[in-house]
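Q: My structure is below; once you've seen it, I'll send some questions.
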């Protein structure tokens, strides 16, 4: 495994690289995770692919000094600065938040992406509360306030849960994850910084057959954060290009117990 940094403006982007395969597989991790998340998968397929995993801004060893904004244009410039990636076509894999990034990347440069591999991807269906918190000025101010005053936030989310406006999986995740101040600060900072990454699903579905791009969607059957029904809905109209696989697990699809099953699909 090779660990290296890519200089970008005032920042340093950390990447991991495995394998010597002819095909390049570019990987984006989920919220609060790192490029290390892909180690189990990389070990399984490193003879077939050259795998590059990126520590996204505000994650892992990456040092991000460009303020609270990260755009898809920033990402393309970073990708092209990776020696093995420059101007070449590649496969892209994204897990959870990384799926949203992979989708937006495909939207911008579909001609360079040979396959979309999405693991419980965010971005196919934008949650109303996420949109409110990141895409509106007042919503973002409220989001920041609630992260500083979590008691009010917890009472609001409990009320929304009781009224059926938040599913139990999201509710449990929020209350477990936001029980510490540093975690709340992390959530606000990352969500706000990544707010420009907004894939347009209708456009992407039109680009897939136009570019003859195969799409592999992998979900956990018991995932209550991102449900597998989202993938089935996305597949409608592009059945010849899109395949959905459901594994017997929850949201943590990159867990080692799923490695062999995922590797077999690649």
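What follows draws every value from the coordinates through simple rules; no lab data is involved. It should be emphasised that the depicted structure is a prediction, and the values quoted were computed from it without experimental measurement. All Cβ positions, glycine included, derive from the backbone under ideal geometry; neighbour counts span all protein chains shown.
Let's see how each residue does on (1) touching a residue at least 24 places away in the same chain (Cβ under 8 Å); (2) under 27 Å from residue 76 (Cα atoms); (3) buried (at least 17 other Cβ atoms within 10 Å of the Cβ):
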| residue | (1), (2), (3) |
| --- | --- |
| 151 | no, no, no |
| 186 | yes, yes, yes |
| 223 | yes, no, yes |
| 231 | yes, yes, yes |
| 247 | yes, no, yes |
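Q: Then there's this: Which residues, counting only those in segment 20-40, are closer than 18 Å to residue 113 by Cα and in contact (Cβ under 8 Å) with a residue 60 or more places away in the chain?
A: Matches in segment 20-40: 23, 24, 25, 26, 27, 28, 29.
Q: Is it the case that some residue within segment 76-96 is more than 13 Å from the chain's Cα centre (by Cα) and within 24 Å of residue 178 (Cα to Cα)? Give the steps one after another, and end with the answer.
A: Start the filter on segment 76-96 by keeping residues that are more than 13 Å from the chain's Cα centre (by Cα), which leaves 76-91.
Those still in the list that are within 24 Å of residue 178 (Cα to Cα) too: none.
No, segment 76-96 has no match at all.
Q: A follow-up question, please. Please determine whether any residue of segment 130-137 is part of a helix (DSSP H, G or I), free of Cβ contacts under 8 Å to residues at least 60 places away in the same chain and closer than 24 Å to residue 2 by Cα. So that I can check it myself, show each step before the final result.
A: Applying the first criterion (part of a helix (DSSP H, G or I)) to segment 130-137 yields 130-135, 137.
Now narrow it down to the ones that are free of Cβ contacts under 8 Å to residues at least 60 places away in the same chain: 131-133, 137.
From the residues that got through so far, the ones that are closer than 24 Å to residue 2 by Cα too are none.
Among the residues of segment 130-137, not one is part of a helix (DSSP H, G or I), free of Cβ contacts under 8 Å to residues at least 60 places away in the same chain and closer than 24 Å to residue 2 by Cα, which makes the answer no.
Q: Within segment 237-254, is there a residue that is part of a helix (DSSP H, G or I) and over 21 Å from the mean Cα position of the chain (by Cα)?
A: At the first step, the residues of segment 237-254 found to be part of a helix (DSSP H, G or I) are none.
Checked segment 237-254: no residue is part of a helix (DSSP H, G or I) and over 21 Å from the mean Cα position of the chain (by Cα).
Q: With (1) surrounded by fewer than 17 Cβ atoms within 10 Å (Cβ to Cβ); (2) under 23 Å from residue 23 (Cα atoms) as the list, and residue 156 as the residue in question, which single condition is left unmet?
A: Unmet condition: (2).
Q: Can residue 166 be described as touching a helix residue (DSSP H, G or I) at 6+ places or on another chain (Cβ under 7 Å) and either in a helix (DSSP H, G or I) or farther than 27 Å from residue 205 by Cα (or both)?
A: Values: touching a helix residue (DSSP H, G or I) at 6+ places or on another chain (Cβ under 7 Å): yes; either in a helix (DSSP H, G or I) or farther than 27 Å from residue 205 by Cα (or both): yes.
Answer is yes for this residue.
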